[in-house]
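Down below is the structure, laid out as structure tokens.
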């Protein structure tokens with residue numbers, strides 16, 4: 001992920017961090033973008049506020065300004081999840097459908 005942190009995260013009163021994902025099939029929100037834009041599309045405070053205000057069109061408009069080649073096709077299905085600070089997670093994508101996978105809930109095989 002990018003080290004370029006020129007954005008602010010949405011943090012709820014209880015300290016939980018707002019995380020955006022697009023579970024609908026068709027196009028991924030962050031997963032269909034380059035790493036240097038994807039992290040911001042997951043966390044950006046203005047985007048989270050737009051989705052919480054039920055204005056996904058505004059979220060797409062804001063994200064379009066992040067980069068000349070940003071993909072905003074998943075905007076219509078955006079959801080906000082709230083994770084505890086410092087929760088390790090990744091966003092998995094299948095056929096455009098994104099889901100949040102917390103590290104603590106992943107199962108691993110060991111050789």
Do we find a residue being within 19 Å of residue 86 (Cα to Cα) and at pLDDT 95 or above anywhere in the range 47-60? yes
Can you tell me which condition residue 82 does not meet? The list is (1) loosely packed, with under 13 Cβ neighbours inside 10 Å; (2) within 19 Å of residue 17 (Cα to Cα), and all the others hold. (1)
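Being part of a loop (DSSP other than H, G, I, E, B), over 12 Å from residue 59 (Cβ atoms) and within 11 Å of the chain's Cα centre (by Cα) is the filter here, so list the residues in the range 19-29 that pass it.
Once the filter is applied, which keeps residues that are part of a loop (DSSP other than H, G, I, E, B), over 12 Å from residue 59 (Cβ atoms) and within 11 Å of the chain's Cα centre (by Cα), the range 19-29 yields 23, 28.
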Only residues that are surrounded by 22 or more Cβ atoms within 10 Å (Cβ to Cβ) and assigned to a helix (DSSP H, G or I): list them for the range 30-62, please. 40, 41, 42, 47, 48, 50, 59
Does the range 8-18 contain any residue that is over 13 Å from the mean Cα position of the chain (by Cα), without any contact (Cβ under 8 Å) to a residue 12 or more places away in the chain and part of a helix (DSSP H, G or I)? no
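The values are calculated or read from the model by the stated rules, or taken from the named source; none is laboratory data. Source: prediction; values computed, not measured. Cβ atoms come from the backbone with ideal geometry, glycine included; neighbour counts cover every protein chain shown.
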